[in-house]
Amino acid sequence: MSQLSFADVEPLADIALADTTFVVVDLETTGGRAAGDGHDAITEIGAVKVRGGVVLGELATLVDPGRAIPPQIVALTGITSAMVHDAPRIDSVLPAFLEFARGAVLVAHNAGFDIGFLRAAAERLGLTWPRPPVLCTVRLARRVLTRDEAPSVRLAALAQLFGAATTPTHRALDDARATVDVLHGLIERVGNQGVRTYPELRSYLPDKTAPQRRKRHLAAGIPGRPGVYLFRGPGDEVLYVGTAVDLHRRVSQYFTGADPRTRMKEMVALATRVDHVECAHELEAGVRELRLLAAHAPPYNRRSRFPRRHWWIVLTEEAFPRFSVVRAPRSARALGPFGARADAVAAAQILARGTGVRTCTARLSRTARHACDHHELAPCPA
């Protein structure tokens, strides 16, 4: 099967982006490991072929991974083992996809993940990977958009920013369709900067540095689960803290040049290891991240410059304690953080009603006598 390789990219030099054929692909998988022992498998492929803003065709199919789909993946994608029981196997799906994508530039949101799975599947099947030109919309977004405009480059955030007609749903075809709209929005931006052809677009993207390439091993062993990651420096100091839905995928991006920020490249060059904490969901990861930012004030996090902008709920240290809202808790048992004081106060009031802890604000000694409006677990000695 003849496929476009990097040796064939030169003819694209004279073809305008508006006349370039793109195949935007998205995969759903059983996890985050494309290769090696215990590798994960593809459960769904969705692809859209476009040229000049016109959809030329679509490909979508579930794929039988040959194994049970983990519960956390079922919760994320909605794809169950029963749904893929009668689906075709990858050995019949992959050749059809390669034919569909023949002669096109492959596009994916976080292309290292999707293309990595496709390439690994081809190698296991004994197929020659055609090495097509690849464009990553994550890298392009980080190059084109400012942090103020796009604090997050997750697909859902960019789809909302560009008013995509399809909302990402963690299903392959929906996400591929949303990525098409994101791609068109980003191409419009670079067109204003004189980028007209695919080779010009590739040269517009940042390249990974040698220190980044050498540090790729730091992502080994990190699971594809939600959580918090910490880059540590030569003195074991915390350099940077972040959260991710897929820890392995996100940490790996720091070694691919996907993030063009100079300070991130500098941070990676200093890093000696990456710690992680697995979390049950994104909310827990966000709370842990804020606590770690407040505790360590890592120099490469912008938010760590203002670690005390958040509010916390604590029990006062007195004979008959009450809930209090503070900026800087002294105890690790504080509840929070809260972005606004009003939210923290409302939560403290709810906790007080539910637990019976006193709500009056007078400071009481152990021998004090004070009348309260209701019965309390830690009452004033009325």
Q) What per residue convex hull volume, in Å³, comes out for the range 54-129 when only alpha-carbon positions are used? A) 126 Å³
**Q.** the chain, accessible surface, carbon-and-sulfur percent (1.4 angstrom probe)
**A.** 51 percent
Q: Treat each spin label as a single point 7 Å out from the Cα along the C-beta direction, and report the ALA60 to ARG288 distance in nm.
A: 3.4 nm
Q | Mean ellipticity per residue at 222 nm, deg cm²/dmol - from DSSP H runs of n ≥ 4 across the chain, formula -39500 (n - 2.57) | A | -9500 deg cm²/dmol
**Q.** Normalised convex hull volume, the range 1-146, alpha-carbon set, Å³ per residue
**A.** 134 Å³
Q.
Would you calculate the convex hull of the Cα atoms in the chain and tell me its volume per residue in Å³?
A. 172 Å³
(Q) Restricting to DSSP loop positions (anything but H, G, I, E, B) with no more than 11 other Cβ atoms inside 10 Å of their own Cβ, which trypsin sites (Lys or Arg not before Pro) remain in the range 146-203? (A) ARG147
**Q.** Largest-first ellipsoid semi-axes for the range 151-241, taking √(5λ) over the Cα gyration tensor eigenvalues, angstrom
**A.** 31, 21, 12
Q | Inverse of mean 1/r across different Cα pairs in the range 147-196, Kirkwood, Å | A | 11.3 Å
Q: Place a +1 charge on the Cβ of each Lys and Arg in the chain and a -1 charge on the Cβ of each Asp and Glu, then give the dipole magnitude about the Cα centre in debye, rounded to the nearest 20.
A: 1880 debye
(Q) I need the calculated FRET efficiency for the pair GLU317 and HIS39, taking r as the beta carbon distance and R₀ as 56 Å, to the nearest 0.05. (A) 0.60
Q. In nm², what is the average projected area of the convex hull enclosing the Cα atoms of the range 82-213?
A. 10.2 nm²
**Q.** the chain - accessible surface per residue (Å², probe 1.4 Å)
**A.** 50 Å²
Q) With the dipole of the chain worked out from charges on the C-beta (+1 for Lys and Arg, -1 for Asp and Glu) around the Cα centre, which of VAL314, GLY38, ILE350 lies farthest toward the positive end? A) VAL314
Q: Output the Cα-based Rg and Dmax of the range 27-94 in Å, rounding Rg to one decimal and Dmax to a whole number.
A: 13.5, 42
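The values are calculated or read from the model by the stated rules, or taken from the named source; none is laboratory data. Everything numeric in this text was worked out from a predicted model, so none of it was measured. Methodologically, a virtual Cβ is constructed for each residue, glycine included, from the backbone with ideal geometry; neighbour enumeration extends over all protein chains shown. Keep in mind that these areas ignore ligands, DNA and RNA; they rest on the heavy atoms of the full protein, side chains included. Shrake-Rupley method; radii C 1.70, N 1.55, O 1.52, S 1.80 Å.
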